[in-house]
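The values are calculated or read from the model by the stated rules, or taken from the named source; none is laboratory data. Note that the coordinates shown come from a computational prediction; the quantities given were computed from them, not determined experimentally. Cβ coordinates were reconstructed from backbone atoms using ideal geometry, including for glycine residues, and neighbour counts include every protein chain displayed. Heads up: the accessible areas ignore ligands, DNA and RNA and are worked out on the full protein's heavy atoms, side chains in. Shrake-Rupley method; radii C 1.70, N 1.55, O 1.52, S 1.80 Å.
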Amino acid sequence: MAKAKKRYVCANCGAVSPRWQGQCGDCGEWNTLTEDVPATVFSQKHDLSSGGRGIEFVPLNQPAELPVRKSTGLAEFDRALGGGIVPGSAILMGGDPGIGKSTLLLQTAATIARGGNDVVYVSGEEAAGQVRLRAQRLGVADAPIRLASETSVRDILTTLGQGVPPALLVIDSIQTMHSDTIEGAPGTVSQVRGCALELIRFAKATGTALVLVGHVTKDGSIAGPRVLEHMVDVVMSFEGERSHQYRILRALKNRFGAVDEIGVFSMEGAGLEEVSNPSMLFLSGRDQPLAGSAVFPALEGTRPVLVEIQALIVRLQSGATPRRAVVGWDNGRLAMLLAVLESRCGLNFSSAEVYLNIAGGYRLSDPAADLAVAAALVSALADRPLPQKSAWFGEVSLAGEIRPVSHSDLRMRETAKLGFVKGYGPSGAKTGSSKLEYKGISQLSNLVDQVMATA
């Protein structure tokens, strides 16, 4: 038998190199190449046009029974999934260590098992007794879940193949799984890819819904080969700060629904609880108007979420280097917005330190937050609070224009529902509510005049 040739695979982008090198030639990351020996070595070309079995084709235009989604028992989880778990689907869930992935999946598994479905929970990181302790703390110890602590994919699939396939299979985590047909330790690129492929193949063949828990790297992406994200149907990210009680479940990829929906949870003593009105969570403690504080109606899928944007301006002595610190927003977009304020509005931030924070640890990526950030910066610079019970939204161009954004009526309806009386945004935008006093702003200089005019 020919000797297996070594190859090296990048853990960040999946590129293959015949020899080890410090930097990946495709993505440019350092120290990401790991040794990977293929399970099957082809020493010569093979003809694959014969020797296989025939496959059966199903006409697309013929009626067939469609898979019925199963509810997780958590409305926020169902919202992020697009309506529930699809039988035979493969879901990859990532998140920082200790953020609550196992807690969420154990609560979900208990709810589905109590509904009369067979659920298998396989933990490769914890012993069965440790999972039982968590189940008692969460109050789901009475759920009929089949629990195991195992890392061998061969043993798992052999056991599951002896009876009726379960409705839900949870693997916690995929980095701990091991296949004896692949060389390498658990967690290597070849092991993660090979084990995931076998588990996904079992799920597609039997109709079992599969949930794989994945570790994340320092920058928050799923650890292991990027090809793993292409193999699964749904990629979910469980986000949040440990210092805050809230958690956000976000779909990064979803073959069965939208990718811009989120589910919001609150970490309590008895586990995760759903947050039906996340706006109240991010706006708590706003009794008196303060300078440098603006409210922005963000949009996550079809759900508007009101968040507070806080800005602080600190004047420095001449010659000192000012600092720019951002939490929850893009640092480059803040630099652009400061340049527009200086160039188009005549404001001076060059001799001041600028601090920007999204309250509650929330992360914003919506460009409609430009106007709210600008309002908070101007308010902090002038040391004057913005109009009480007001919300701001709109995209700022490099010319200082306020451009329209999507779903302005949905944003304003949610704003009026929470008791706000004033809305500021692009000119001509739909308000969607007669209870709200809306004022259109066409230029960023108009915003400066509006803030300076407030007493």
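Annotations
- Search result, residues across region 426-455 that are in contact with a helix residue (DSSP H, G or I) (Cβ under 7 Å, 6 or more places away or on another chain) and either at positive phi or of a type in the set (D, E, K, R) (or both): Lys430, Gly432, Lys435
- When region 177-215 is filtered for residues that are of a type in the set (Ser, Thr, Tyr) and in contact with a Cys (Cβ under 9 Å, 6 or more places away or on another chain), only Ser179 remains.
- Qualifying residues in region 387-402 (those that are within 9 Å of Lys422 (Cβ to Cβ) and of a type outside the set (Ser, Thr, Tyr)) - the one least open to solvent (accessible area, probe 1.4 Å): Ala391
- When Asp142, Asp155 are screened for being open to solvent by 50 Å² or more (accessible area, probe 1.4 Å), more than 22 Å from Ile85 (Cα to Cα), modelled with pLDDT of 95 or more and among the charged types (D, E, K, R), only Asp155 passes.
- All told, Ala39 meets the bar of being of a type outside the set (D, E, K, R), at pLDDT below 80 and closer than 30 Å to Leu105 by Cβ.
- Enumerated strands (runs of 3 or more DSSP E) restricted to region 285-342, each holding at least 1 residues that are under 27 Å from Tyr438 (Cα atoms) and either out of contact with any Leu (no Cβ under 9 Å at 6 or more places or on another chain) or of a type in the set (Asp, Glu) (or both): 293-300, 303-315
- Sole residue being more than 24 Å from Gln388 (Cα to Cα) and aliphatic (A, V, I, L, M), chosen from Ala291, Ala325, Ala359, Ala298: Ala325
- For Arg79, the conditions (1) without any contact (Cβ under 8 Å) to a residue 60 or more places away in the chain; (2) part of a helix (DSSP H, G or I) are fulfilled apart from (1).
- Any hit, region 90-97, residues being more than 19 Å from Ile200 (Cβ to Cβ), modelled with pLDDT of 90 or more and surrounded by fewer than 23 Cβ atoms within 10 Å (Cβ to Cβ): no
- Any hit, region 52-69, residues being open to solvent by less than 20 Å² (accessible area, probe 1.4 Å), of a type in the set (Val, Ile, Thr) and in a loop (DSSP other than H, G, I, E, B): no
- Residue-level check: of (1) within 15 Å of Met93 (Cα to Cα); (2) modelled with pLDDT under 90, Leu168 misses just (2).
- Residue in region 352-362 that is without any contact (Cβ under 8 Å) to a residue 40 or more places away in the chain and more than 28 Å from Pro278 (Cα to Cα) present: yes
- Single residue of region 402-433 satisfying the filter (touching an Asp or Glu at 6+ places or on another chain (Cβ under 9 Å) and among the aliphatic types (A, V, I, L, M)) that is nearest to Ser276 (Cα to Cα): Val421
- Set side by side, the residues Ala128, Ala148, Ala135 differ, and just one is under 27 Å from Gly84 (Cβ atoms) and surrounded by fewer than 18 Cβ atoms within 10 Å (Cβ to Cβ), which is Ala148.
- Checking region 308-325 against the condition returns no match, with no residue being within 18 Å of the chain's Cα centre (by Cα) and in contact (Cβ under 8 Å) with a residue 40 or more places away in the chain.
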